[in-house]
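Below: one structure, written as structure tokens.
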Amino acid sequence: MVENQENNLNINVDINRIVHEPARLKILAYLSLVESADFTFLVSRIGLTMGNLSAHISKLEDAGYIVVNKEFKDNRPRTMISLTSEGSEAFTTYREEMLQLLQD
């Protein structure tokens, strides 16, 4: 019986480790719903410290999944983060692969 179940499992999925990390997955999920998000908004929603969020944003930016724009609004610095088309594709692909893996 266990052997039959193993044959039905699709374990050949190559998991995208950049996307798979829980904090980065949350960042990408939020960004997939909006055009862009303010850094402080992401801090409040995701529950990471500013330093941890910054580190994860750097990894996503290095991968080409997000773009970080620093600007001033009312003479205050503001960091806006948006998903790139490559990031959107990576998130969508990851989501589809996980759904398929869990359904099989």
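The values are calculated or read from the model by the stated rules, or taken from the named source; none is laboratory data. Quick caveat, the model's predicted, so the values are computed rather than measured. With ideal geometry, Cβ positions are generated from the backbone for all residues, glycine too; neighbour counts draw on all protein chains shown.
Considering the range 2-58, and only residues there that are touching an Asp or Glu at 6+ places or on another chain (Cβ under 8 Å) and not in a loop (DSSP other than H, G, I, E, B), the residue that is modelled with the lowest pLDDT turns out to be N8.
Return the only residue of E71, E97, E89 being crowded, with 16+ Cβ neighbours inside 10 Å, of a type in the set (D, E, K, R) and out of contact with any Phe, Trp or Tyr (no Cβ under 8 Å at 6 or more places or on another chain). Walk me through how you get there before you give the answer.
Working: E71 fails: crowded, with 16+ Cβ neighbours inside 10 Å; E89 fails: crowded, with 16+ Cβ neighbours inside 10 Å.
Result of the check over E71, E97, E89: E97.
State yes or no: is T79 part of a strand (DSSP E or B) and touching a residue at least 12 places away in the same chain (Cβ under 8 Å)? It is true that T79 is part of a strand (DSSP E or B) and touching a residue at least 12 places away in the same chain (Cβ under 8 Å).
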